[in-house]
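Read-outs: derived from the displayed coordinates by stated rules, not from any lab. Owing to the predicted nature of the structure, the values given are computational and were not obtained by experimental measurement. Here Cβ is always computed from backbone atoms with ideal geometry, including for glycine, and neighbour counts include all displayed protein chains.
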Amino acid sequence: MDKIISQTRHGRVFICPSCDKVHIEFHNFLFSFNQEEFNHFKQCFSRMDGQYYEAINADIVYQRKIIVPIGHKHASMMLNRQELNELKRLLSVDERRKDPSVFLSVREIGVHLGAN
């Protein structure tokens, strides 16, 4: 059974007990890392300033202005500021947690509460 260590509306971080890798599923991306690689990936995103990158890339044709190289010269990850903030939340896991259950907020699930 995979151990989910973080979850948002569009992604989750989990550890696979059979391969001992940390997997990050976010929108249509999947990353698989050993612990050291995961820590580096997490650190890179924690320092990223979405507002800065949206400003310097304001004139590019792409809808998403935050462009992140992912290690292949012909591929990049593209995000908007909301997606970057969600990814940061997803990656800001406390791996010392004893309780593996992770709960989503009503907002993250997409439920709109209203008066009956």
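In what order do 68, 61 fall by count of nearby beta-carbon atoms within 10 Å, going from fewest to most?
The most exposed by this proxy come first: 61, 68.
Taking 7 Å along the Cα-to-C-beta vector as the label spot, tell me the residue 40-residue 85 distance in nanometres, rounded to one decimal.
The two pseudo-label positions are separated by 3.0 nm.
Order of 77, 1 from fewest to most other C-beta atoms within 10 Å?
1, 77
Over all directions, how big on average is the projection of the convex hull of the alpha-carbon atoms in region 3-92, in square nanometres?
6.2
How much net charge surrounds residue 11 when only the other residues with a Cβ under 9 Å from the Cβ of residue 11 are counted, with Lys and Arg +1 and Asp and Glu -1?
Residues close to residue 11 contribute a combined charge of 0.
Check the straight Cα-Cα distances from residue 3 and name the lysines below 24 Å, setting aside those fewer than 8 residues away within the same chain.
Within the straight-line cut-off, residue 3 pairs with 21, 42, 88, 98.
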